[in-house]
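*Asks:* Can you keep this structure in mind? I'll have questions shortly.
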Amino acid sequence: MDKLIKFCLPKDIQGWLNQYQAPEYESAFAKDIPNCGWHHNMAKRLAKVVQIRKKYRGSSRYGYTRPSSYCHKHGADRFAIYPR
């Protein structure tokens, strides 16, 4: 993410991004974010400033067999945020 855009973000979103920051060698802004309503609301607020894409991550478990190439939102444990 551009440093100027990150500087202009509200303090609560900046702190949230720093908590789930992705390594420098990856193209994601943040990763391993728990899949719950509060985190989705923070991602929506971020999407008003920066165009993002959410990728859902998770494993297969009882009642949900994950396809090999992706994970559905309802079967995800966490998600990552990428620039669009």
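*Asks:* Among all lysine pairs in the chain that are eight or more places apart or on different chains, how many have alpha carbons less than 20 angstrom apart?
*Replies:* Here the count comes out as 21.
*Asks:* Quick one: net charge around Gly15, please, counting Lys, Arg +1 and Asp, Glu -1 for every other residue with C-beta under 14 Å from its C-beta. Working shown, then result.
*Replies:* Values: positive: Lys6, Lys11, Arg45; negative: Asp12.
So the environment of Gly15 carries a net charge of +2.
*Asks:* Helix 37-47 versus the longest principal axis of the chain: what is the Cα-based angle in degrees, 0 to 90, to the nearest 10?
*Replies:* Compared with the principal axis, the helix lies near 50 degrees.
*Asks:* For a footprinting-style exposure proxy, rank Lys73, Lys54 by other Cβ within 10 Å, fewest first. Working shown, then result.
*Replies:* Working: Lys73 11, Lys54 16.
Exposure proxy ranking, most exposed first: Lys73, Lys54.
*Asks:* Evaluated at 25 °C with a viscosity of 0.890 mPa s, what Stokes-Einstein diffusion coefficient in µm²/s does region 3-83 have when Rh comes from the Kirkwood expression over alpha-carbon pairs? Each step should come with its number before you reach the end.
*Replies:* Working: Rh = 13.4 Å.
My calculation gives 183 µm²/s for D.
Rule-based calculations on the coordinates, nothing more; no lab input. As the structure is a prediction and not an experimental result, all values here were calculated from the model. Here Cβ is always computed from backbone atoms with ideal geometry, including for glycine, and neighbour counts include all displayed protein chains.
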